[in-house]
Amino acid sequence: MRTGIAALALVALPLLGSCGEAEDKKSAPVTQDDGTLTLAATLGANQALGTLQSAIEQSELSGVLDGPASYTVLAPDDRAFAALGEDGVALMEDEQRPILIAILRDHLLPGHLTPEAIGAAIDRRGGPVTMTTLGQTEVHFARTGETLTVTMDGGGSADVSGTAIAASNGVLIPIDTVLLPPRG
């Protein structure tokens, strides 16, 4: 009897090994889970999003990201803000707070949306998907190859540029451009 169990175990070893190899070949998840922190704390812990954190503090929207409601933040990285040049610096001035708030609201989506969920919606639909921001602006998500892109209705476009982070009350999705409304 023992010999039969040992033989069965030896036969099963290669099968278990091949299962592990198949899992190792899968790509790593796009969204990192840090469900112990709020969006505000997650944002504060991410060095590449320091300018966004300052903008959220300046606009007095920090409480929203610390609250119980779930949001997805399209989070422009520091390079995206730097690309705005003097316009980006001016946005941080007190008299520009209403404009800054409007821009930031266009970077907030209601709910807990990961890039994987957005990609799955694109696949189910067979093309781009449209969502409405808290600023009541429509944004369109599309995918070319592995690149997920978000485009503002009549405005800017950005690529997802890093690992998304799932927090206890939402998701931070880093993007490479500040989405601005059309100039008019």
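Name the single residue, out of those in the range 131-145 being surrounded by 12 or more Cβ atoms within 10 Å (Cβ to Cβ) and hydroxyl-bearing (Ser, Thr, Tyr), that is farthest from residue 172 (Cα to Cα).
So in the range 131-145, the residues surrounded by 12 or more Cβ atoms within 10 Å (Cβ to Cβ) come out as 131-135, 137-143.
Going one step further and asking which of them are hydroxyl-bearing (Ser, Thr, Tyr), we end up with 132-133, 137.
Values: 132: 17, 133: 14, 137: 19 Å.
Per the stated criteria, the residue is 137.
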Condition check for residue 154: on the phi > 0 side of the Ramachandran plot and in contact (Cβ under 8 Å) with a residue 12 or more places away in the chain: yes
I'd like the residue in the range 154-184 that is in contact with a helix residue (DSSP H, G or I) (Cβ under 7 Å, 6 or more places away or on another chain) and more than 18 Å from residue 114 (Cα to Cα) and, out of all such residues, is surrounded by the fewest Cβ atoms within 10 Å (Cβ to Cβ). 180
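Applying the selection to the range 103-118, what residues are part of a helix (DSSP H, G or I) and without any contact (Cβ under 8 Å) to a residue 60 or more places away in the chain?
Just the residues of the range 103-118 that are part of a helix (DSSP H, G or I), to begin with: 103-105, 115-118.
Those that are part of a helix (DSSP H, G or I) and without any contact (Cβ under 8 Å) to a residue 60 or more places away in the chain: 104, 105, 117, 118.
Is it true that some residue in the range 73-82 is out of contact with any Leu (no Cβ under 8 Å at 6 or more places or on another chain) and β-branched (Val, Ile, Thr)? Please lay out each step first, then the result.
Here is the first cut: in the range 73-82, the residues out of contact with any Leu (no Cβ under 8 Å at 6 or more places or on another chain) are 79-80, 82.
Then drop every residue that is not β-branched (Val, Ile, Thr), which leaves none.
No, the conditions are met nowhere in the range 73-82.
Among what's in the range 103-124 and is acidic (Asp, Glu) and over 12 Å from the mean Cα position of the chain (by Cα), pick the residue that is farthest from residue 177 (Cα to Cα).
Applying the first criterion (acidic (Asp, Glu)) to the range 103-124 yields 106, 116, 123.
From what's left, over 12 Å from the mean Cα position of the chain (by Cα): 106, 123.
Details: 106: 13, 123: 24 Å.
Per the stated criteria, the residue is 123.
Could you list, in sequence order, all residues of the range 39-59 that are in contact (Cβ under 8 Å) with a residue 24 or more places away in the chain and surrounded by fewer than 17 Cβ atoms within 10 Å (Cβ to Cβ)? Steps first, please.
As a first pass, look at the range 39-59 and keep what is in contact (Cβ under 8 Å) with a residue 24 or more places away in the chain: 39-43, 46, 48-52, 54-56, 58-59.
Once the filter is applied, which keeps residues that are in contact (Cβ under 8 Å) with a residue 24 or more places away in the chain and surrounded by fewer than 17 Cβ atoms within 10 Å (Cβ to Cβ), the range 39-59 yields 41, 48, 50, 54.
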One residue is enough: does the range 141-148 have a residue meeting the conditions at pLDDT 95 or above and over 16 Å from the mean Cα position of the chain (by Cα)? no
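Going by what's in this entry, would residue 70 be described as over 16 Å from the mean Cα position of the chain (by Cα) and closer than 25 Å to residue 132 by Cβ? Don't jump to the end; show me each part of the working.
Values: over 16 Å from the mean Cα position of the chain (by Cα): no; closer than 25 Å to residue 132 by Cβ: yes.
Taking the combined requirement at face value, the residue does not satisfy it.
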For residue 154, which of the numbered conditions (1) more than 23 Å from residue 64 (Cβ to Cβ); (2) under 15 Å from the mean Cα position of the chain (by Cα); (3) not charged (D, E, K, R); (4) not in a strand (DSSP E or B) fails to hold? (2)
On the basis of being closer than 29 Å to residue 44 by Cβ, surrounded by 15 or more Cβ atoms within 10 Å (Cβ to Cβ) and modelled with pLDDT of 95 or more, does residue 122 make the cut? no
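Every residue in the range 67-98 that is of a type in the set (A, V, I, L, M), part of a helix (DSSP H, G or I), surrounded by 15 or more Cβ atoms within 10 Å (Cβ to Cβ) and at pLDDT below 95, please.
Of all residues in the range 67-98, those of a type in the set (A, V, I, L, M) come to 69, 73-75, 80, 82-84, 89-92.
Next, from what is left, pick out any that are part of a helix (DSSP H, G or I): 80, 82, 89-91.
Still in the running and surrounded by 15 or more Cβ atoms within 10 Å (Cβ to Cβ): 80, 91.
Scanning the range 67-98 gives a single hit, 91.
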In the list 93, 60, which residue meets the criterion of being more than 25 Å from residue 182 (Cβ to Cβ) and of a type in the set (D, E, K, R)? 60
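The values are calculated or read from the model by the stated rules, or taken from the named source; none is laboratory data. Here the structure is a predicted model, which is why all the values come from computation and not from measurement. Note that each Cβ is placed from the backbone with ideal geometry, even for glycine, and that neighbours are counted across all protein chains shown.
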